[in-house]
Amino acid sequence: MPAKKDHLKELLRDLIRYARAQNITAEFWLHAEHSALVRLANSAISLNTCEDLFELTVTACRGNARGTCTLMIAPGQRERMYEAIRIAGTIAQHATPTSYPRTLTPLTPLPDDDGGFDEALWQLAPQQKLDYIQAAVQGLESTEMVLAGMLSSGAVWEAAANTLNDTVVFHALTDANVSLVLSHAQQRWELQSTQSAACVSELQPAAVHAELELLLHQYRGARPQQLAPGPYEVVFGRDALAELLQMCAWLGFNGGACKRKMTFLKEEHLGTRIFSAQVSISDDPTQRAAFPYAFDVHGVPRTPFPLVTRGVFNAFMWDRDSADEFGQKETGHSVPSLSLALAPGTSPVNSLAALLTMPRERDVLYIPHLHYMNAVNHTEGIITCCSRFGALLLRADGSVAVPFNVRLTEKLGHMFGRVAWLSRETCAANVSGTYGTRTPAACVVPRFMGVHDVAITHVNDSF
Amino acid sequence: MNHVIQGMRDTLQRLCQAGASYADVRFYPQQDDETLVVMQGNLKSVERSVTTGIGIRVLYHGAWGFAAASSPDALATVADTALANAHIAAQRLPYPVRLAPRTPVTARYESPCIIDPFSIPLEEKVALLMEVDKQLTHPAVAQRIVYMYATRRHIIFMDSDGAHIEKIIHEIFARMMAIGVEANGMSQERSYELRNKGAGTRGWEAFHDPAYFTGQAPRVVDELQQVLTAEPCPRDTRAVILLPGIMFLQTHEVIGHALELDRILGYELSYAGGSFVKLEDFGTLRYGSDKLTVRADATLPNSPGSFGYDDDGIPCQNYVLIENGILKSAITSRQTILEANDKAGRTIFASSGGCARASGFNRVPLERMTNINIDAGADGTRDDIIANTERGIVMDGARSWSIGSNREQFHFACEIGWLVEDGRITRVVKNPTYGMDTLPFWRALSAVGGERTRELVFVPNCGKGLPSQIMHLGHFVSVCRFDNVPIGT
């Protein structure tokens, strides 16, 4: 890795020199990646793929005008990178300046942000992946139980610089994301287990196997039921909770979106109780499991940023452009991904086995995963989504039933405002997408979150 | 570039000698993209991107391996990696992939374009967006967003069967959005995206007729004002009349996606989901009323769902998916139809539907929608349909959508609704929503507008697959009415 790091830094310094020679003021963001993905479907490896990409983004600055050129090419094509600088400069020459001043500051020298890079994970061999998958589903597949899913792994190397000084800041990390699904070929129900890893030692197939086995035990032979619409006590698993947290960030905590009238949190909510007192949310770049950035794309150092503390709303996140437009102080949130963390609670329910035997006075609907969440109304924070992958109905009499999928339509304010309990153990829930360039992301969340009176608005009568 | 093409030929030959039963290479000598975004009269970003790369797909003992790099000079390494990946995949393969036969072609295709958007000076593009922004400026409009995206992709495809296809694809998209705030602080929005009537060409000339984009801004502002002071949509059961601005999405989500054959076969289960459609349903399932005829038409000249040849080298086609309400076919490609026929125990699909599409050099082709269109009906204009509706609601503008994991049910929220009583529009309502199970909904289709009501709406952002891909496509749809639909949920 040192050779790659030095090469990328040397490259950026050369591009800085070139831009200055052209009298172009510019910012640079370099991204290189190695991505591999094993895709499973119908119990087969339906695709085994990998890609090696190199991308340079140059943003030329002329007063309040900006022009950006992004180049995805071979890393050795220096002349084309020079051309990208000239193209960005030309765009900036002809672009209309904004009505507000735009910030460009010299970079602060920072230590290399590569403590999250695991050579062993970067070099994960195909046989290791196959062995993992086999161990995770050993004895669980059959002609009726079909395996689907994916094991994604890779590495990213990124660096930022600008022409105001010669500082280059460097970031590198490795990541893996596992999702394994067992589905019944005839009955069509689906069970899922997931795992997020920042290093190879965190790839633990036994944990995935245990979760799938326990869910399979509940589902096999069960007679699925159609629930009735209405309010339910709901326990969200880690993956569902991570999705809700991300939706909160998008619909609530983004300062620019608030000014654009697209959030349920407004400026008058600052300093007030918006969620349950048990809820504390932060964007925390010290959480290694969240694949954090120590600096943003402009080289602004990032530190733990409390968003909600014991239910009280602390602050909006401001990316540079939104901060410039609305006269705010940027908060280091011009990042490819956030490092959201929901603080743990005190509940001893920290495993699926414990959840199933948890004493309960009412029926409780366990939802491990949310499918196709979308915002019905941004300014009221209303979202709608469906349950999927192994939901369970934990009856008040202690029994466990299998429900058909349901639709939830609820306000985010209620989801985090009617919290019954939070597990005291936390874990990483991977939320990486695979659109575009590799951008590892995970939320650190309690294993479970119980919520009172969640509105179930539609119920399926089959899977 | 010639050395790359010769290298591609040599590589394909080498892969076959090494045991591959099939291999293909997609080389993108250059893909250009440009995005402009104007917010509140400020040019927020002008981004131009240039992409080069190569992707190689190998079929070895019925298993797929794929590799890609943004460095075409790494052709040999990419090929070796793709083959090695296929070797690994072959270790776990209960059902080997078999490709349906086809005749390899040598061809060139360029999407119809008179004025290359990349030849237009930046000032002219900015001026167009600023003009729309100016028309959206109104005291009732708190936020204005206008954006434009153009792409030009040069693709060279070669495979081990001898196919050699060169494509140059031009596309252009644009959208405007006006956001207003009610007295109680709740926001409403009204938007419009570039569309056309199915004919014409796909370059900068798409903006020449103001009816298709720039001329819509005053109506957008006017309707936003109406929504801001409107009553909420009642909770009721009514006839729902969907204008093309939401009808396209209705078609997309619970016809288009539900009929992707790889989804039906379970290949998307771990991510995008499955389908309620089963192989035995083809030819027998009543999907909708007899007013519903749906086609997959990749031959429309002026749509992002038309591309000459798919990424298996199959010519684009126009074929029926649903005919008079009965399910006939699916969105198919070479790699799934033989498996589907085998599993069904009969020949459902005689040949590939030409729907194998990859979003870029670094993604494998999947079954993707082309242009999924609803045939024009005989129920006249929008006003005719309204006049024949006793108790209904007209809806337009997709605000949010959420679909069940097997496409079996859905929930949509729209930007604006107009209540209909006794054949007349009575008032505007805000926050209109509707949701239902898929089959009962399509079976309740009771009116389909004529050709005059049809609009071709472009979709720039259809997501699917692992690794995930964003695809461009279109829907040519009429005004449609569905009876007895729960609204206001």
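We did not get these values from a lab; they are worked out from the coordinates using the rules stated. This structure is a prediction, so every number in the text was calculated from the model and none was measured. Here the Cβ is made from the backbone with ideal geometry for all residues, glycine too, and neighbour counts use every protein chain on show.
Summary of computed values
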quantity: Pairs beyond 27 Å (Cα-Cα), from A:Lys4/A:Lys129; A:Lys129/B:Lys343; B:Lys167/B:Lys464; B:Lys44/B:Lys167; A:Lys266/B:Lys125; calculated: A:Lys129/B:Lys343; B:Lys44/B:Lys167; A:Lys266/B:Lys125
quantity: Förster radius 60 Å - calculated FRET efficiency between A:Thr346 and B:Val320, Cβ distance, rounded to 0.05; calculated: 0.50
quantity: Angle in degrees between helix A:205-219 and the longest Cα principal axis of chain A, rounded to the nearest 10; calculated: 40 degrees
quantity: Estimated translational D of the range A:2-219 in µm²/s (Stokes, Kirkwood radius over Cα pairs; 20 °C; 1.002 mPa s); calculated: 107 µm²/s
quantity: Largest-first principal axis extents, alpha carbons of chain B, Å; calculated: 72, 56, 36
quantity: Percent of alpha-carbon pairs separated by more than 29 Å within chain A; calculated: 53 percent
quantity: Per residue Cα convex hull volume in Å³ - calculated over the protein assembly as shown; calculated: 147 Å³
quantity: Rounded to the nearest 20 debye, dipole of the protein assembly as shown from Cβ charges on Lys, Arg, Asp, Glu; calculated: 460 debye
quantity: FRET efficiency estimate (nearest 0.05) - Cβ-Cβ, A:Ala3 to B:Cys16, R0 30 angstrom; calculated: 0.25
quantity: Rounded, prolate or oblate (a/c below 1.5 giving rounded, otherwise prolate when a/b exceeds b/c) for the range B:180-283 by Cα gyration tensor; calculated: oblate
quantity: Relative contact order computed over the range B:232-487 (Cα-Cα under 8 Å; 6+ residues apart), in percent; calculated: 28 percent
quantity: Hydrodynamic radius by Kirkwood, which averages 1/r over all alpha carbon pairs of the range B:329-470, in angstrom; calculated: 18.4 Å
quantity: Cα-based Rg of the range B:116-214 normalised by 2.2 N^0.38 Å, two decimals; calculated: 1.46
quantity: Added length on full extension, which subtracts the Cα-Cα distance from 0.36 nm per residue, A:Arg17 to A:Arg395; calculated: 129.3 nm
quantity: Kyte-Doolittle mean at least 0.5, axial Cα span of 15 Å or more - DSSP H helices of chain B; calculated: B:75-89
quantity: Kirkwood Rh and Cα Rg combined as Rg/Rh, the range A:370-463; calculated: 0.99
quantity: Additional length obtainable on full extension of the chain from A:Asp166 to A:Thr286, 0.36 nm per residue less Cα span; calculated: 40.6 nm
quantity: Dipole of the protein assembly as shown, positive end: most advanced residue of A:Ser153, B:Asn362, B:Ile425 [Cβ charges, Cα centre]; calculated: B:Ile425
quantity: Point-charge dipole on Cβ atoms (K/R +1, D/E -1) for the range A:2-219, about Cα centre, debye to 20; calculated: 1120 debye
quantity: Dipole of the range A:2-219 [Lys/Arg +1, Asp/Glu -1 at C-beta], most positive-end residue of A:Ala3, A:His34, A:Thr96; calculated: A:Thr96
quantity: Average beta carbon contacts from partner chains per residue of B:111-117, 10 Å cutoff; calculated: 0
quantity: Mean Cα-pair separation over length for the range B:1-50, i.e. relative contact order, pairs under 8 Å, 6 or more apart, %; calculated: 25 percent
quantity: Point-to-point label distance, A:Leu270-B:Asp222, nm (Cα→Cβ direction, 7 Å offset); calculated: 4.1 nm
quantity: Whole-number percent relative contact order across chain A, with pairs defined as alpha carbons under 8 Å at least 6 apart; calculated: 16 percent
quantity: Overall Cα dimensions of the range B:232-487, principal axis frame, Å, largest first; calculated: 52, 35, 34
quantity: Given charges at beta-carbon only (K, R positive; D, E negative), |dipole| of the range B:22-160 in Debye; calculated: 520 debye
quantity: Cα-based Kirkwood hydrodynamic radius, the range A:241-372, one decimal, Å; calculated: 16.4 Å
quantity: Cα Rg over Rh - the range A:111-202, Kirkwood; calculated: 1.20
quantity: The range B:68-133 - convex hull of alpha carbons, volume per residue in Å³; calculated: 267 Å³
quantity: Unit charges at the beta carbon, dipole of the range B:2-229: most positive-side option, B:Leu129, B:Ser160, B:Ile88; calculated: B:Ile88
quantity: Estimated 222 nm signal from helices in chain A, with DSSP H stretches of n ≥ 4 weighted -39500 (n - 2.57), rounded to 500; calculated: -6500 deg cm²/dmol
quantity: Residue-span extension gain [B:Glu390 to B:Ala199] - 0.36 nm each, minus C-alpha spacing; calculated: 65.3 nm
quantity: Projected-area mean, the range B:1-143, by convex hull of Cα positions, square nanometres; calculated: 13.9 nm²
quantity: Residue mean of other protein chain beta carbons inside 10 Å, A:453-462; calculated: 3
